[in-house]
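Visitor: Below you will find the structure I want to go over with you.
The values are calculated or read from the model by the stated rules, or taken from the named source; none is laboratory data. These figures come from a predicted structure and were not determined experimentally. A quick note on method: Cβ atoms are made from the backbone with ideal geometry, for glycine too, and the neighbour counts reach across all protein chains shown. Note: areas computed on protein heavy atoms with side chains; ligands, DNA, RNA excluded. Shrake-Rupley method; radii C 1.70, N 1.55, O 1.52, S 1.80 Å.
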Amino acid sequence: MRLTLTTFVTMDGVMQSPGAPEEDPRNGFDLGGWLPPHFDEATGQYMNEVFDAADAFLLGRFSYQAMAGFWPQVTDPANRVAAA
């Protein structure tokens with residue numbers, strides 16, 4: 001098995017999931033939601049390839065909590081993350 005790390009990080013080092021601005025405002029962080037305006041078709045295709053190649057997902061506590069409430073509700077078999 002190969003371990004692959006995928007992160008969303010800005011050029012100046014802000015690392016956060018590609019969620020909404022209110023996703024993680026701890027410690028006064030107000031830069032949440034920075035990715036969606038930059039997420040284009042090429043980024044989507046790359047992420048599809050990442051999800052297609054994954055055998056499993058290993059998440060940190062905060063990411064797990066955010067995803068655990070959302071993904072079980074997604075039942076579309078065409079959605080790569082939901083299918084995985």
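Visitor: Failed condition for P21, given (1) surrounded by 11 or more Cβ atoms within 10 Å (Cβ to Cβ); (2) touching a residue at least 24 places away in the same chain (Cβ under 8 Å), with all others met?
Guide: (2)
Visitor: Let me ask something else about it. Can you spot a residue in region 35-55 that is free of Cβ contacts under 8 Å to residues at least 12 places away in the same chain, open to solvent by 80 Å² or more (accessible area, probe 1.4 Å) and in contact with a strand residue (DSSP E or B) (Cβ under 7 Å, 6 or more places away or on another chain)?
Guide: No, the conditions are met nowhere in region 35-55.
Visitor: Okay, next question. How many of the residues making up region 70-84 are modelled with pLDDT of 85 or more and either open to solvent by less than 70 Å² (accessible area, probe 1.4 Å) or outside any loop (DSSP other than H, G, I, E, B) (or both)?
Guide: Residues meeting the conditions: 3.
Visitor: Here's something else I'd like to know. Which numbered condition in (1) open to solvent by less than 70 Å² (accessible area, probe 1.4 Å); (2) under 15 Å from the mean Cα position of the chain (by Cα); (3) of a type in the set (G, A, S) is the only one that G28 fails?
Guide: G28 satisfies every listed condition except (2).
Visitor: Then there is this: Collect the residues in region 32-54 that are within 23 Å of A68 (Cα to Cα), part of a loop (DSSP other than H, G, I, E, B) and out of contact with any Asp or Glu (no Cβ under 6 Å at 6 or more places or on another chain), keeping them in residue-number order.
Guide: G33, W34, L35, F39, A54, listed by residue number.
Visitor: Right, Y64: open to solvent by 50 Å² or more (accessible area, probe 1.4 Å), within 17 Å of N79 (Cα to Cα) and not aliphatic (A, V, I, L, M) or not?
Guide: On the way: open to solvent by 50 Å² or more (accessible area, probe 1.4 Å): yes; within 17 Å of N79 (Cα to Cα): no; not aliphatic (A, V, I, L, M): yes.
Here the answer is no, as Y64 does not meet what is asked.
Visitor: Restricting to region 1-15, count the residues that are open to solvent by 100 Å² or more (accessible area, probe 1.4 Å) and either in contact (Cβ under 8 Å) with a residue 24 or more places away in the chain or not in a strand (DSSP E or B) (or both).
Guide: Number satisfying all stated conditions: 6.
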